[in-house]
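The values are calculated or read from the model by the stated rules, or taken from the named source; none is laboratory data. Quick caveat: nothing in here was measured; it's all calculated off a predicted structure. Here the Cβ positions follow ideal geometry from the backbone for every residue, glycine too, while neighbour counts run over all protein chains shown. Quick note on the areas: whole protein, heavy atoms, side chains included, nothing else; ligands and nucleic acids left out. Shrake-Rupley method; radii C 1.70, N 1.55, O 1.52, S 1.80 Å.
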Amino acid sequence: MGKVLIIGAGGVASVAVHKCCQYPEVFEEICIASRTLSKCDALKAKLDGGKTKIQTAQVDADHTDEVIALIEKFKPDVVLNLALPYQDLTIMDACLATGVHYVDTANYEPKDEAKFEYKWQWAYRERFEKAGLIALLGSGFDPGVTGVFSAYAQKHHFDEIHQIDIVDANAGDHGLPFATNFNPEINIREVSAKGSYFENGKFIETEPMSIKRVYNLPEIGPKDIYLLHHEEMESLALNIKGIQKIRFWMTFSQSYLTHLKVLEDVGMTSIEPILFEGREIIPLQFLKAVLPDPATLAPRTKGKTNIGCIFQGVKDGKEKTYYLYNVCDHQACYHEVGSQAISYTTGVPAMIGTAMILTGKWNTPGVHNIEEFDPDPFMDMLNRFGLPWQESFQPELID
(Lines give C-alpha, C1' and ligand atoms only; values in the text may rest on other atoms or scores of the structure.)
Protein backbone atom coordinates (compact mmCIF):
# COMPACT_ATOMS: atom_id res chain seq x y z
CA MET A 1 0.00 0.00 0.00
CA GLY A 2 2.73 2.50 0.85
CA LYS A 3 6.02 3.70 2.32
CA VAL A 4 6.43 5.63 5.59
CA LEU A 5 9.39 7.54 6.96
CA ILE A 6 9.32 7.41 10.77
CA ILE A 7 11.44 10.11 12.41
CA GLY A 8 12.36 9.19 15.98
CA ALA A 9 13.62 6.04 17.68
CA GLY A 10 12.42 6.38 21.27
CA GLY A 11 9.73 4.50 23.16
CA VAL A 12 6.77 5.74 21.10
CA ALA A 13 8.58 5.13 17.81
CA SER A 14 9.40 1.61 18.90
CA VAL A 15 5.72 0.86 19.47
CA ALA A 16 4.70 2.50 16.18
CA VAL A 17 7.29 0.47 14.24
CA HIS A 18 6.09 -2.78 15.87
CA LYS A 19 2.50 -1.91 14.95
CA CYS A 20 3.38 -0.98 11.36
CA CYS A 21 4.97 -4.41 11.02
CA GLN A 22 1.71 -5.97 12.27
CA TYR A 23 -0.08 -4.35 9.31
CA PRO A 24 2.16 -5.17 6.31
CA GLU A 25 -0.65 -4.99 3.76
CA VAL A 26 -0.67 -1.21 4.38
CA PHE A 27 2.90 -0.59 5.60
CA GLU A 28 4.91 -2.23 2.83
CA GLU A 29 8.13 -0.39 3.64
CA ILE A 30 9.32 1.86 6.46
CA CYS A 31 12.47 3.83 7.13
CA ILE A 32 13.37 4.55 10.77
CA ALA A 33 15.45 7.72 11.07
CA SER A 34 16.94 9.46 14.09
CA ARG A 35 19.93 11.50 15.17
CA THR A 36 21.28 8.29 16.75
CA LEU A 37 21.56 5.65 14.02
CA SER A 38 22.33 2.84 16.47
CA LYS A 39 18.84 3.17 17.99
CA CYS A 40 17.29 2.80 14.55
CA ASP A 41 19.45 -0.22 13.75
CA ALA A 42 18.49 -1.87 17.07
CA LEU A 43 14.80 -1.48 16.22
CA LYS A 44 15.35 -2.87 12.74
CA ALA A 45 17.21 -5.88 14.17
CA LYS A 46 14.23 -6.72 16.40
CA LEU A 47 11.74 -6.73 13.55
CA ASP A 48 13.64 -7.70 10.42
CA GLY A 49 12.39 -10.77 8.61
CA GLY A 50 8.71 -9.91 8.45
CA LYS A 51 6.68 -8.79 5.45
CA THR A 52 7.32 -5.08 6.05
CA LYS A 53 10.67 -4.00 4.61
CA ILE A 54 12.71 -1.92 7.06
CA GLN A 55 15.64 0.38 6.47
CA THR A 56 17.34 2.96 8.70
CA ALA A 57 18.95 6.37 8.31
CA GLN A 58 20.63 9.08 10.34
CA VAL A 59 18.98 12.52 10.34
CA ASP A 60 19.04 15.65 12.49
CA ALA A 61 15.42 16.84 12.34
CA ASP A 62 16.46 20.30 13.53
CA HIS A 63 17.64 20.88 9.96
CA THR A 64 15.02 20.96 7.20
CA ASP A 65 17.60 20.35 4.46
CA GLU A 66 18.63 17.05 6.07
CA VAL A 67 15.00 15.91 6.26
CA ILE A 68 14.42 16.95 2.64
CA ALA A 69 17.45 14.99 1.48
CA LEU A 70 16.25 11.88 3.32
CA ILE A 71 12.71 12.19 1.94
CA GLU A 72 14.06 12.56 -1.59
CA LYS A 73 16.20 9.47 -1.11
CA PHE A 74 13.54 7.20 0.48
CA LYS A 75 10.50 8.67 -1.32
CA PRO A 76 7.84 7.95 1.35
CA ASP A 77 4.12 8.57 0.97
CA VAL A 78 3.85 9.85 4.56
CA VAL A 79 6.29 11.16 7.17
CA LEU A 80 5.38 10.10 10.71
CA ASN A 81 7.03 12.58 13.09
CA LEU A 82 7.81 10.91 16.42
CA ALA A 83 10.73 13.21 17.20
CA LEU A 84 10.53 16.15 19.65
CA PRO A 85 7.77 18.79 19.39
CA TYR A 86 10.47 21.42 18.81
CA GLN A 87 11.05 19.82 15.39
CA ASP A 88 7.48 19.83 14.05
CA LEU A 89 7.90 22.88 11.84
CA THR A 90 11.20 21.86 10.23
CA ILE A 91 9.65 18.48 9.33
CA MET A 92 6.45 20.11 8.02
CA ASP A 93 8.60 22.41 5.87
CA ALA A 94 10.40 19.36 4.47
CA CYS A 95 7.10 17.64 3.68
CA LEU A 96 5.86 20.71 1.79
CA ALA A 97 9.12 20.94 -0.14
CA THR A 98 8.89 17.29 -1.22
CA GLY A 99 5.12 16.75 -1.62
CA VAL A 100 4.64 14.25 1.21
CA HIS A 101 1.86 13.89 3.82
CA TYR A 102 2.68 14.61 7.48
CA VAL A 103 1.54 13.06 10.81
CA ASP A 104 2.59 13.88 14.39
CA THR A 105 1.50 13.19 17.97
CA ALA A 106 2.19 16.52 19.72
CA ASN A 107 1.92 20.17 18.73
CA TYR A 108 4.86 22.45 18.10
CA GLU A 109 6.60 23.93 21.10
CA PRO A 110 9.36 26.56 20.94
CA LYS A 111 12.52 25.53 22.77
CA ASP A 112 12.82 28.74 24.75
CA GLU A 113 9.25 28.86 26.09
CA ALA A 114 6.97 26.25 27.69
CA LYS A 115 4.10 27.11 25.36
CA PHE A 116 1.67 24.56 23.92
CA GLU A 117 -0.32 26.09 21.07
CA TYR A 118 -1.44 25.05 17.61
CA LYS A 119 -1.07 28.53 16.08
CA TRP A 120 2.32 27.81 14.53
CA GLN A 121 1.09 24.65 12.79
CA TRP A 122 -2.34 26.03 11.89
CA ALA A 123 -0.48 28.77 10.01
CA TYR A 124 0.47 26.06 7.47
CA ARG A 125 -3.17 25.30 6.53
CA GLU A 126 -3.28 27.13 3.22
CA ARG A 127 0.09 25.80 2.05
CA PHE A 128 -0.82 22.16 2.71
CA GLU A 129 -4.25 22.59 1.15
CA LYS A 130 -2.83 24.18 -2.01
CA ALA A 131 -0.22 21.41 -2.24
CA GLY A 132 -2.95 18.74 -1.98
CA LEU A 133 -1.27 17.34 1.15
CA ILE A 134 -2.59 16.29 4.55
CA ALA A 135 -0.95 17.32 7.83
CA LEU A 136 -2.61 15.30 10.59
CA LEU A 137 -1.89 16.87 13.97
CA GLY A 138 -1.94 15.04 17.29
CA SER A 139 -2.40 11.38 16.40
CA GLY A 140 -1.40 10.04 19.80
CA PHE A 141 -3.75 9.35 22.69
CA ASP A 142 -4.13 12.77 24.27
CA PRO A 143 -4.09 14.52 21.92
CA GLY A 144 -5.32 11.91 19.47
CA VAL A 145 -7.67 9.20 20.63
CA THR A 146 -9.40 11.70 22.95
CA GLY A 147 -10.23 13.76 19.84
CA VAL A 148 -11.47 10.66 18.01
CA PHE A 149 -13.56 9.77 21.08
CA SER A 150 -15.03 13.29 20.98
CA ALA A 151 -15.89 13.02 17.29
CA TYR A 152 -17.41 9.58 17.89
CA ALA A 153 -19.51 10.83 20.80
CA GLN A 154 -20.66 13.80 18.71
CA LYS A 155 -21.57 11.56 15.75
CA HIS A 156 -23.32 8.74 17.60
CA HIS A 157 -24.44 9.89 21.07
CA PHE A 158 -25.24 13.60 21.20
CA ASP A 159 -27.03 16.37 19.39
CA GLU A 160 -24.83 18.78 21.35
CA ILE A 161 -21.89 18.16 23.69
CA HIS A 162 -21.71 20.84 26.37
CA GLN A 163 -18.83 19.60 28.53
CA ILE A 164 -15.81 17.33 28.07
CA ASP A 165 -13.58 16.17 30.91
CA ILE A 166 -10.49 14.39 29.58
CA VAL A 167 -9.10 12.11 32.28
CA ASP A 168 -5.59 10.64 31.92
CA ALA A 169 -4.93 8.27 34.82
CA ASN A 170 -1.81 6.17 35.22
CA ALA A 171 -1.91 3.63 38.04
CA GLY A 172 1.40 2.12 37.00
CA ASP A 173 4.23 1.69 39.51
CA HIS A 174 7.89 1.50 38.42
CA GLY A 175 9.21 1.33 41.99
CA LEU A 176 11.52 4.35 41.63
CA PRO A 177 11.25 7.44 43.85
CA PHE A 178 11.13 9.81 40.85
CA ALA A 179 11.01 9.17 37.10
CA THR A 180 8.85 10.32 34.20
CA ASN A 181 6.89 8.00 31.94
CA PHE A 182 7.78 9.91 28.76
CA ASN A 183 10.46 12.40 27.71
CA PRO A 184 11.43 14.05 31.04
CA GLU A 185 12.00 17.46 29.49
CA ILE A 186 8.56 17.59 27.85
CA ASN A 187 6.83 16.00 30.83
CA ILE A 188 8.23 18.45 33.39
CA ARG A 189 7.60 21.46 31.15
CA GLU A 190 3.94 20.43 30.84
CA VAL A 191 3.42 19.80 34.55
CA SER A 192 5.19 22.91 35.84
CA ALA A 193 3.35 25.25 33.43
CA LYS A 194 0.19 27.06 34.47
CA GLY A 195 -3.03 25.10 34.07
CA SER A 196 -6.06 26.23 32.09
CA TYR A 197 -9.54 25.17 31.10
CA PHE A 198 -11.99 26.30 28.43
CA GLU A 199 -15.32 27.79 29.48
CA ASN A 200 -17.90 29.88 27.60
CA GLY A 201 -15.63 30.78 24.69
CA LYS A 202 -12.40 31.57 26.53
CA PHE A 203 -9.52 29.92 28.38
CA ILE A 204 -9.20 30.52 32.11
CA GLU A 205 -5.68 30.19 33.55
CA THR A 206 -4.96 28.46 36.88
CA GLU A 207 -1.87 28.07 39.04
CA PRO A 208 0.06 24.82 38.41
CA MET A 209 -1.56 21.78 40.08
CA SER A 210 -3.95 23.98 42.09
CA ILE A 211 -7.22 22.18 41.22
CA LYS A 212 -7.65 18.57 42.30
CA ARG A 213 -10.45 15.99 42.04
CA VAL A 214 -10.78 12.31 42.96
CA TYR A 215 -12.34 9.93 40.44
CA ASN A 216 -13.09 6.25 40.98
CA LEU A 217 -12.03 4.86 37.62
CA PRO A 218 -12.78 1.41 36.17
CA GLU A 219 -10.07 -1.21 36.84
CA ILE A 220 -7.76 1.18 38.72
CA GLY A 221 -9.95 2.58 41.52
CA PRO A 222 -9.89 6.03 43.19
CA LYS A 223 -7.19 8.38 41.90
CA ASP A 224 -6.13 11.96 42.63
CA ILE A 225 -6.29 13.92 39.39
CA TYR A 226 -5.09 17.48 38.76
CA LEU A 227 -6.18 20.06 36.21
CA LEU A 228 -3.54 20.87 33.57
CA HIS A 229 -3.39 22.77 30.32
CA HIS A 230 -3.32 20.40 27.36
CA GLU A 231 -3.24 21.15 23.66
CA GLU A 232 -6.29 19.19 22.48
CA MET A 233 -8.60 21.55 24.38
CA GLU A 234 -7.66 24.28 21.90
CA SER A 235 -8.82 22.33 18.83
CA LEU A 236 -11.81 20.64 20.49
CA ALA A 237 -13.10 24.09 21.49
CA LEU A 238 -13.31 24.91 17.78
CA ASN A 239 -14.49 21.58 16.38
CA ILE A 240 -17.10 20.21 18.80
CA LYS A 241 -20.62 21.54 18.27
CA GLY A 242 -22.20 23.34 21.23
CA ILE A 243 -19.18 22.94 23.53
CA GLN A 244 -19.22 25.15 26.63
CA LYS A 245 -16.53 23.68 28.88
CA ILE A 246 -13.43 21.48 28.46
CA ARG A 247 -11.02 20.39 31.16
CA PHE A 248 -7.99 18.11 31.13
CA TRP A 249 -7.04 16.04 34.19
CA MET A 250 -3.99 13.89 34.93
CA THR A 251 -2.97 11.73 37.89
CA PHE A 252 0.18 12.35 39.93
CA SER A 253 1.39 10.58 43.04
CA GLN A 254 2.32 12.59 46.12
CA SER A 255 5.90 11.33 45.79
CA TYR A 256 6.12 12.70 42.23
CA LEU A 257 4.71 16.07 43.28
CA THR A 258 7.06 16.35 46.26
CA HIS A 259 10.14 15.59 44.16
CA LEU A 260 9.01 18.00 41.45
CA LYS A 261 8.46 20.79 44.00
CA VAL A 262 11.97 20.36 45.39
CA LEU A 263 13.48 20.34 41.88
CA GLU A 264 11.56 23.51 41.02
CA ASP A 265 12.65 25.21 44.24
CA VAL A 266 16.34 24.59 43.52
CA GLY A 267 16.03 25.71 39.89
CA MET A 268 16.48 22.34 38.17
CA THR A 269 13.29 22.64 36.08
CA SER A 270 14.31 25.98 34.56
CA ILE A 271 14.69 26.33 30.77
CA GLU A 272 16.79 29.49 31.16
CA PRO A 273 20.51 28.91 30.39
CA ILE A 274 23.00 29.22 33.25
CA LEU A 275 26.81 29.36 33.23
CA PHE A 276 28.43 26.21 34.64
CA GLU A 277 32.20 25.76 34.61
CA GLY A 278 32.63 28.14 31.72
CA ARG A 279 29.82 26.86 29.49
CA GLU A 280 26.10 27.45 29.20
CA ILE A 281 23.74 24.65 30.20
CA ILE A 282 19.95 24.48 30.55
CA PRO A 283 19.08 23.00 33.97
CA LEU A 284 16.07 21.02 32.70
CA GLN A 285 18.15 19.42 29.96
CA PHE A 286 20.78 18.43 32.54
CA LEU A 287 18.02 16.98 34.75
CA LYS A 288 16.75 14.98 31.77
CA ALA A 289 20.25 13.51 31.35
CA VAL A 290 20.42 12.24 34.95
CA LEU A 291 16.85 10.91 35.20
CA PRO A 292 16.05 7.36 34.06
CA ASP A 293 15.33 6.96 30.35
CA PRO A 294 11.55 6.24 30.17
CA ALA A 295 12.28 3.34 27.80
CA THR A 296 14.16 1.56 30.60
CA LEU A 297 11.10 1.62 32.90
CA ALA A 298 9.05 -0.83 30.84
CA PRO A 299 10.30 -4.11 32.41
CA ARG A 300 9.64 -2.87 35.93
CA THR A 301 6.34 -1.01 35.49
CA LYS A 302 3.23 -2.80 36.71
CA GLY A 303 -0.40 -1.72 36.80
CA LYS A 304 -2.76 -0.09 34.32
CA THR A 305 -3.68 3.20 32.68
CA ASN A 306 -7.21 4.48 32.21
CA ILE A 307 -7.54 7.32 29.69
CA GLY A 308 -10.81 8.62 28.38
CA CYS A 309 -13.42 11.34 28.11
CA ILE A 310 -16.52 12.11 30.15
CA PHE A 311 -19.08 13.85 27.94
CA GLN A 312 -22.13 15.79 29.10
CA GLY A 313 -24.69 17.13 26.69
CA VAL A 314 -28.11 16.72 25.11
CA LYS A 315 -29.63 13.95 22.97
CA ASP A 316 -33.24 14.17 21.73
CA GLY A 317 -33.92 16.97 24.18
CA LYS A 318 -32.67 15.05 27.22
CA GLU A 319 -29.50 15.58 29.24
CA LYS A 320 -26.99 12.75 28.88
CA THR A 321 -23.62 11.69 30.32
CA TYR A 322 -21.38 9.32 28.35
CA TYR A 323 -17.96 7.99 29.38
CA LEU A 324 -15.67 6.55 26.70
CA TYR A 325 -12.28 5.16 27.74
CA ASN A 326 -9.46 2.66 27.28
CA VAL A 327 -7.70 0.61 29.96
CA CYS A 328 -4.16 -0.49 29.10
CA ASP A 329 -1.96 -2.88 31.08
CA HIS A 330 1.74 -1.96 31.40
CA GLN A 331 2.98 -5.55 31.60
CA ALA A 332 0.82 -6.70 28.69
CA CYS A 333 2.36 -3.93 26.57
CA TYR A 334 5.85 -4.95 27.65
CA HIS A 335 5.26 -8.61 26.75
CA GLU A 336 3.87 -7.65 23.33
CA VAL A 337 6.23 -4.91 22.13
CA GLY A 338 8.75 -4.28 24.94
CA SER A 339 7.28 -0.94 26.08
CA GLN A 340 5.22 0.42 28.96
CA ALA A 341 1.63 1.58 28.43
CA ILE A 342 2.47 5.30 28.11
CA SER A 343 4.48 4.67 24.95
CA TYR A 344 1.99 2.05 23.76
CA THR A 345 -1.06 4.32 24.05
CA THR A 346 0.74 6.93 21.91
CA GLY A 347 2.49 4.65 19.41
CA VAL A 348 -0.58 2.64 18.41
CA PRO A 349 -2.68 5.71 17.45
CA ALA A 350 0.32 7.16 15.60
CA MET A 351 0.31 4.08 13.37
CA ILE A 352 -3.48 4.20 12.96
CA GLY A 353 -3.54 7.86 11.94
CA THR A 354 -0.84 7.16 9.37
CA ALA A 355 -2.84 4.18 8.08
CA MET A 356 -5.93 6.39 7.67
CA ILE A 357 -3.96 8.53 5.21
CA LEU A 358 -2.22 5.63 3.42
CA THR A 359 -5.54 3.84 2.84
CA GLY A 360 -7.30 7.02 1.71
CA LYS A 361 -9.95 6.79 4.44
CA TRP A 362 -8.97 10.29 5.52
CA ASN A 363 -8.17 12.29 2.38
CA THR A 364 -9.01 15.99 2.86
CA PRO A 365 -5.96 18.17 2.10
CA GLY A 366 -4.88 20.78 4.63
CA VAL A 367 -3.73 20.94 8.24
CA HIS A 368 -6.25 19.06 10.38
CA ASN A 369 -6.74 18.04 13.97
CA ILE A 370 -7.80 14.46 14.39
CA GLU A 371 -11.40 15.13 15.46
CA GLU A 372 -12.12 16.74 12.08
CA PHE A 373 -12.23 13.33 10.36
CA ASP A 374 -14.74 10.44 10.44
CA PRO A 375 -13.95 8.62 13.71
CA ASP A 376 -15.46 5.23 12.82
CA PRO A 377 -12.57 3.60 10.89
CA PHE A 378 -10.09 4.80 13.54
CA MET A 379 -12.28 3.42 16.34
CA ASP A 380 -12.41 0.05 14.55
CA MET A 381 -8.60 -0.06 14.34
CA LEU A 382 -8.21 0.76 18.03
CA ASN A 383 -10.07 -2.47 18.81
CA ARG A 384 -8.03 -4.39 16.24
CA PHE A 385 -4.55 -3.19 17.23
CA GLY A 386 -4.49 -3.31 21.01
CA LEU A 387 -6.39 -0.34 22.44
CA PRO A 388 -9.98 -1.59 22.77
CA TRP A 389 -12.39 1.06 23.97
CA GLN A 390 -15.11 0.71 26.56
CA GLU A 391 -18.13 2.83 27.39
CA SER A 392 -20.18 3.62 30.47
CA PHE A 393 -22.88 6.05 31.48
CA GLN A 394 -21.96 6.46 35.16
CA PRO A 395 -18.42 7.81 35.84
CA GLU A 396 -17.94 8.23 39.58
CA LEU A 397 -16.60 11.52 40.94
CA ILE A 398 -15.78 10.97 44.64
CA ASP A 399 -14.61 14.45 45.55
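Laid out as a table, the results:
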read-out	value
Pairs with Cβ under 8 Å, 6+ apart, first in region 271-283 and closer than 22 Å to Pro184 by Cα and in contact (Cβ under 8 Å) with a residue 24 or more places away in the chain, second hydrophobic (A, V, I, L, M, F, W, C) and open to solvent by less than 70 Å² (accessible area, probe 1.4 Å)	Ile271/Ala114; Ile271/Ile282; Ile271/Leu284
Complete set of residues in region 191-214 that are crowded, with 18+ Cβ neighbours inside 10 Å and either touching a residue at least 40 places away in the same chain (Cβ under 8 Å) or of a type in the set (S, T, N, Q) (or both)	Val191, Ser192, Ser196, Tyr197, Phe198, Met209
Hits in region 303-319 (condition: over 19 Å from Arg213 (Cβ atoms) and surrounded by 18 or more Cβ atoms within 10 Å (Cβ to Cβ))	Lys304, Gly313
Test: residue in region 334-350 that is open to solvent by less than 10 Å² (accessible area, probe 1.4 Å), farther than 25 Å from His230 by Cα and at pLDDT 95 or above	yes
Any hit, region 300-316, residues being over 26 Å from Leu217 (Cα atoms) and in contact (Cβ under 8 Å) with a residue 60 or more places away in the chain	yes
Per-region count, region 215-241, residues open to solvent by 30 Å² or more (accessible area, probe 1.4 Å), out of contact with any Ser or Thr (no Cβ under 9 Å at 6 or more places or on another chain) and modelled with pLDDT of 90 or more	5
Qualifying positions in region 169-188 - open to solvent by 20 Å² or more (accessible area, probe 1.4 Å) and either assigned to a strand (DSSP E or B) or at positive phi (or both)	Asn170, Asp173, Gly175
In region 286-302, the residues that are open to solvent by less than 30 Å² (accessible area, probe 1.4 Å) and within 13 Å of Ser339 (Cα to Cα)	Pro294, Leu297, Ala298, Thr301
Filter result for the condition that a residue is at negative phi and in contact with a Lys or Arg (Cβ under 7 Å, 6 or more places away or on another chain), over His335, His330	His330
Unique match (being of a type outside the set (Val, Ile, Thr), over 23 Å from the mean Cα position of the chain (by Cα) and surrounded by 14 or more Cβ atoms within 10 Å (Cβ to Cβ)) among Glu28, Glu72	Glu28
Failed criterion for Phe116 (all others in (1) assigned to a strand (DSSP E or B); (2) hydrophobic (A, V, I, L, M, F, W, C); (3) at pLDDT below 95 hold)	(1)
Subset of region 127-158 (residues that are in contact with a Ser or Thr (Cβ under 9 Å, 6 or more places away or on another chain) and either among the basic types (Lys, Arg) or in a loop (DSSP other than H, G, I, E, B) (or both))	Gly138, Ser139, Phe141, Asp142, Pro143
Candidate set from region 158-216 (those that are among the basic types (Lys, Arg) and in contact with a strand residue (DSSP E or B) (Cβ under 9 Å, 6 or more places away or on another chain)); member that is nearest to Asn326 (Cα to Cα)	Arg213
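A quick yes/no check of all residues on (1) of a type outside the set (S, T, N, Q); (2) closer than 20 Å to Met250 by Cβ; (3) modelled with pLDDT of 95 or more:
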{"position": "Asn306", "(1), (2), (3)": "no, yes, yes"}
{"position": "Gly317", "(1), (2), (3)": "yes, no, yes"}
{"position": "Asp329", "(1), (2), (3)": "yes, yes, yes"}
{"position": "Pro375", "(1), (2), (3)": "yes, no, yes"}
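Let's see how each residue does on (1) among the acidic types (Asp, Glu); (2) under 27 Å from Trp122 (Cα atoms):
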position: Asn326; (1), (2): no, no
position: Asp329; (1), (2): yes, no
position: Ala332; (1), (2): no, no
position: Gly360; (1), (2): no, yes
position: Asn363; (1), (2): no, yes
